[in-house]
Amino acid sequence: MAYTGITVHAGGGGVTEIVVDVPPVNALPAQGWFDLAEAVREAGRESGAVVLRAEGKGFNAGVDIKEMQRDKSALLRANHGCFAAFAAVYECEVPVIAAVHGFCLGGGVGLAGNADIVIASDDAYFGLPEVDRGALGAATHLARLVPQHLMRAMVYTCRNVTAAELHHHGSVLDVVARDRLREAALEVAGVIAAKDRYVIRRAKESLNGIDPVDVRRSYRFEQGFTFELNLMGAGDEHRERFLNE
């Protein structure tokens, strides 16, 4: 199947790479999120492990705000698309390794936070600029990467954290030089893919089953506040301000 800005490579050893390349900053349009969801689901059916990475300046800059301002219906579609993509990563039948470089913002945090393993380059940083964009969401996934009080500070202030900080918290497995990121992610994925596939799939299912937070329900709750902000006009106001900066 063809996906816009998303390529899928089934490599040796049962590892599938999903690569996002949507210049200039990998801010996905609404359809891109649905395409990514489908690519992850398909890879999970056929693989022993999945690596999710990106080309370009950074891993992911979230939703395409320009599209939202051109087409007001894009907000609703992007929200549904993000929900589908984040869920696809979390519910993928096999472990997903997110290989993060550069910026990982907004929707990028949703993807990385729902991945099973995160490996990052030494230039990677993570953040939720949602409050400055008149939106909310993905705190559910940020809370899987940082402790509770740091998560709250990041949401309120829109500050970022580095890959090194997340490595300290244990949510990033390894921090490597950028030119070694793909190699490092594929190495971990290869170890997993070499295991008994039936056992690994049951391991993934069992770990999701003991999670203390229902990520689908939690993220959907957050999305309701984004719709409220838009009904009150705050979303449109902040998006326009961002585009005019």
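The values are calculated or read from the model by the stated rules, or taken from the named source; none is laboratory data. The shown structure was predicted, so the numbers you read here are calculated from the model rather than taken from an experiment. All Cβ positions, even for glycine, are placed from backbone atoms using ideal geometry, and neighbour counts span all protein chains on display.
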Filtering the range 189-200 down to residues that are in a helix (DSSP H, G or I) and surrounded by fewer than 16 Cβ atoms within 10 Å (Cβ to Cβ) yields 191, 198, 199
Would you confirm whether any residue within the range 57-71 is at pLDDT 95 or above, surrounded by fewer than 18 Cβ atoms within 10 Å (Cβ to Cβ) and more than 23 Å from residue 242 (Cα to Cα)?
-> no
Only one residue in 112, 74, 88 is farther than 30 Å from residue 198 by Cα and without any contact (Cβ under 8 Å) to a residue 60 or more places away in the chain. Which one?
-> 74
Among the candidates 27, 54, 49, single out the residue that is over 15 Å from residue 102 (Cβ atoms) and crowded, with 21+ Cβ neighbours inside 10 Å.
-> 49
Exactly one of 134, 127 is surrounded by 14 or more Cβ atoms within 10 Å (Cβ to Cβ), touching a residue at least 12 places away in the same chain (Cβ under 8 Å) and within 15 Å of residue 104 (Cα to Cα), and that residue is 127
Considering (1) in contact (Cβ under 8 Å) with a residue 12 or more places away in the chain; (2) outside any helix (DSSP H, G or I), say which one residue 211 fails and leave the rest.
-> (1)
Would a scan of the range 157-173 turn up a residue that is crowded, with 20+ Cβ neighbours inside 10 Å, under 17 Å from the mean Cα position of the chain (by Cα) and part of a strand (DSSP E or B)?
-> yes
Quick check: anything in the range 162-176 of a type in the set (D, E, K, R) and either modelled with pLDDT under 95 or in contact with a strand residue (DSSP E or B) (Cβ under 8 Å, 6 or more places away or on another chain) (or both)?
-> yes
Residue check, residue 66 against (1) of a type in the set (D, E, K, R); (2) outside any helix (DSSP H, G or I); (3) in contact (Cβ under 8 Å) with a residue 60 or more places away in the chain, all met but one. Which one?
-> (2)
For residue 236, state whether it is part of a helix (DSSP H, G or I) and either modelled with pLDDT under 95 or small (Gly, Ala, Ser) (or both).
-> yes
Answer residue from the range 106-135, given it is in a loop (DSSP other than H, G, I, E, B) and at pLDDT 95 or above and is farthest from residue 230 (Cα to Cα) among those = 122
Any idea how many residues of the range 214-233 are in a helix (DSSP H, G or I), among the small types (Gly, Ala, Ser) and either more than 30 Å from residue 117 (Cα to Cα) or touching a residue at least 24 places away in the same chain (Cβ under 8 Å) (or both)?
-> 1
The one condition in (1) in contact with a Gly (Cβ under 8 Å, 6 or more places away or on another chain); (2) closer than 24 Å to residue 217 by Cα; (3) touching a residue at least 60 places away in the same chain (Cβ under 8 Å); (4) not polar (S, T, N, Q) that residue 83 fails to fulfil = (1)
